[in-house]
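The values are calculated or read from the model by the stated rules, or taken from the named source; none is laboratory data. For clarity, every value in this text was computed on a predicted model and none was experimentally measured. Every residue, glycine among them, receives a Cβ derived from its backbone with ideal geometry; neighbour counts consider all protein chains shown. Just so you know, the surface numbers come from the protein's heavy atoms only, side chains and all, with ligands and any DNA or RNA stripped out. Shrake-Rupley method; radii C 1.70, N 1.55, O 1.52, S 1.80 Å.
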Amino acid sequence: MQLVQNFPFACILLTLICAVITSVLGGGAARKMTLFVIGAVTVMTACVMVYTLETGDSYVYLMGHFPAPWGNEIRAGALETVMMLVFCLVILFSFLGGLGRSILQIEASKYNIYCIMVDLTLLSLLALVYTNDLFTGYVFIEINTLAAAGLVMIRQNGKSLVAAVRYMIMNLLGSSLFLIGVVLLYAITGHLLMQNLHESIAVLAASGEYRVPLTMAVALMTVGLSMKSALFPFDTWLPGAYSNSTPTASAILSSIVSKGYIFLLIKVYCRVFGFDVVVSLGVCDVLFVFGAIGMVMGSINAMRAKTVRMMIAYSSVAQIGYIYLALGMASPAGVLCALWHVAAHAATKSMLFISSAELDEASGGTHLRADLRGGFYRSPLAASAFALGGANLVGIPMLGVFMTKLMLSQAAIDAGGKHMVAALIVLAVSTLLNAQYFLGTAVDLFTPRHDGKAVVRTRPQALTAAGIAGFIALNLVLGFFAKDILAALAAGLARFA
């Protein structure tokens, strides 16, 4: 085994060790430790991605000396490493971009706890992406839930505490449903490793045996992870959690935490049940309906929002709907579209949260959309990033989400029938609503104010500016090199089962 093949496990181990060390450090040292571990994991993930793309294959890393079915494994391939690199970059830029605000909003004595929560979020995400064991996935779902709740409540004010309690209630319920699904599968097959489960379920599906328990298992796991990723109507916890957290926490929650659950769900569909089995059980039709409703309802609520952060939060509900609608197409093209939107939305939504926080600060600490008029003249970099993110989510050509809408339209046409008509109508309605609130806000940013007040241009801190600039670069790369990235994702998906 080559050295680079050890990097996925090394990333998990390094992040865990650094989280423990951070617990005894002061605020400044904790920040440096967290930046170090995020940077190191990003570099190692990039190395593994290059290796998997060059070899064109995936590999399994055996943890310990016990082989299947008793041992524990992680699996790395082009799909996992490309997605993980995007996630690492998003966490890095989110931490940098929100650094200035987090220092002001978090009590100094608790800042190391905040850094621990970031470390644990990265740790759980690594495990969810790489794990080849279903129960290990559940364990890190719980770690992710606790870390995310800690990120929400770290500001220690009334709204953040209420939002954290709502988050915990909904997400622990989702975790419980997922665990029951895992227990059902173990009772039926006697396996927890994904490859062994896949082989056993394929035999059961072919024979027609245990069809009802299999349906219950996939339904429970789907509902559980849908609740945790805020698919409509399980989105009631989302606006409060996203809008009352620190900018870094909002960016990580919207772009990383929810996407980790979706990636695990796609692994369950493709690597555990087999996507053909999932389609035969009728799950995709349900995902299609709720994804379509979420696209419209999320956009309507975002349009009604009075504050920028609430608008961005409700927009996440709509964007999650895109992902589930794509999965509901019940085709490999739909799955690829969902994976692409996981990456594109992660890069864009986090940029919107970070840039909107900077615009709020430059506008006198306001959160109201109406008060951001002329924001470009007070904070050019943040306004440019916000405008780019808004244009991306609307679907302007040459940007990442345009590819989502193009692929979704093509998948709908290929599906034909009622799916085609419904998907195209919902896509058009959602796009028009996106344009109304995102482009409307972007136009306001570039419209000078005529209230007689002098324009005071603010300069963001160097690390904050670096984070925002990094997000701009990441979004442009995803747009300009979409063809190459999609080819890598498609190649990884073909070997994912």
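Taking 41 Å as R0, compute the FRET efficiency from the Cβ-Cβ separation of CYS47 and LYS110 and round it to 0.05.
Between CYS47 and LYS110 the formula returns 0.75.
Give, rounded to the nearest 20 debye, the magnitude of the charge dipole that the chain has about its Cα centre when Lys and Arg contribute +1 at Cβ and Asp and Glu contribute -1 at Cβ.
1340
Where the accessible area of the chain is counted over protein heavy atoms with a 1.4 Å probe, how much of it, in %, is carbon and sulfur? Write out the running numbers ahead of the final one.
On the way: 12410 of 17900 Å².
The C+S portion of the solvent-accessible surface of the chain is 69 percent.
Compute the Rg to Rh ratio over the chain from the alpha carbon atoms, using the Kirkwood formula for Rh, and round to two decimal places.
0.96
Is the shape of the range 237-293 rounded, prolate or oblate, going by the alpha carbon gyration tensor and its root eigenvalues a ≥ b ≥ c, with a/c under 1.5 for rounded and a/b larger than b/c for prolate?
Values: a/c = 5.08, a/b = 2.04, b/c = 2.49.
It comes out oblate by the Cα gyration axes.
Multiply the residue separation of VAL286 and ASP484 by 0.36 nm, subtract the distance between their alpha-carbon atoms, and state the gained length in nm to one decimal.
Going from the current span to full extension adds 68.1 nm.
Compute the length gained on full extension between VAL477 and ALA428: take 0.36 nm times their separation in residues and subtract their Cα-Cα distance, giving the result in nm to one decimal. Present the calculation step by step, with values, prior to reporting the outcome.
On the way: separation 49, 0.36 × 49 = 17.64 nm, distance 2.58 nm.
Net length gain for the segment: 15.1 nm.
Here is the link list: LYS32/LYS405; LYS259/LYS306; LYS32/LYS306; LYS306/LYS418; LYS159/LYS405. Which ones come out longer than 30 Å on Cα distance? Each step should come with its number before you reach the end.
Numbers: LYS32/LYS405 39 Å; LYS259/LYS306 26 Å; LYS32/LYS306 36 Å; LYS306/LYS418 36 Å; LYS159/LYS405 35 Å.
Pairs exceeding 30 Å: LYS32/LYS405; LYS32/LYS306; LYS306/LYS418; LYS159/LYS405.
Just want the answer: with Cβ charges of +1 for Lys and Arg and -1 for Asp and Glu, which residue in ALA465, TYR114, ILE143 is farthest toward the dipole's positive end in the chain?
ALA465
If packing is taken as the mean number of other Cβ atoms within 10 Å per residue, what is the order of 341-352, 14-25, 73-84, 134-145, highest first?
341-352, 73-84, 134-145, 14-25
Using a probe radius of 1.4 Å on heavy atoms only, what accessible surface per residue do you get for the chain? Whole Å² is fine. Mind dumping the intermediate values first?
Numbers: 17900 Å² over 497 residues.
In whole numbers, the chain has 36 Å² accessible per residue.
What nm distance separates the two modelled labels at LEU406 and TYR186, each placed 7 Å from Cα along Cα→Cβ?
Each label point is offset 7 Å from its Cα along the Cβ direction, giving 4.5 nm.
Pairing the Cα long axis of helix 134-153 with the longest principal axis of the chain, what angle in degrees results, from 0 to 90 and rounded to the nearest 10?
For helix 134-153, the angle is close to 20 degrees.
Step through the residues of the range 257-269 one at a time and calculate ³J(HN,Hα) from phi using the Karplus curve (6.51 cos²θ - 1.76 cosθ + 1.60, θ = phi - 60°), rounding each to whole Hz and writing x for Gly and Pro.
After applying 6.51 cos²θ - 1.76 cosθ + 1.60, I find 4, 5, 6, x, 5, 5, 4, 5, 4, 5, 4, 4, 5 Hz.
Would you calculate the separation in nanometres between label points at ILE413 and GLU54, each defined as 7 Å from the Cα along the Cα-to-beta-carbon direction?
Here the answer is 3.9 nm between the modelled labels.
Taking a point 7 angstrom from the Cα of ILE169 along the C-beta vector, which residues in the range 202-245 have backbone N less than 13 Å away?
236-238
Give me the Debye-computed log₁₀ of I(q)/I(0) at q = 0.17 Å⁻¹ for the range 1-121, equal point scatterers on Cα only, no solvent, two decimals.
-0.87
Given the Cα-Cα distance of ILE21 and MET216 and 0.36 nm per residue of separation, how much length would full extension add, in nm?
Additional length available on full extension: 66.0 nm.
What is the angle, in °, between the Cα long axis of helix 308-328 and the longest principal axis of the Cα atoms in the chain? Nearest 10 is fine, range 0 to 90.
20
Using just the helices of the chain, give the 222 nm mean residue ellipticity in deg cm²/dmol: DSSP H runs with n ≥ 4 each add -39,500 (n - 2.57), and the total is spread over all residues, rounded to 500.
Dividing the helical sum by the residues of the chain leaves -24500 deg cm²/dmol.
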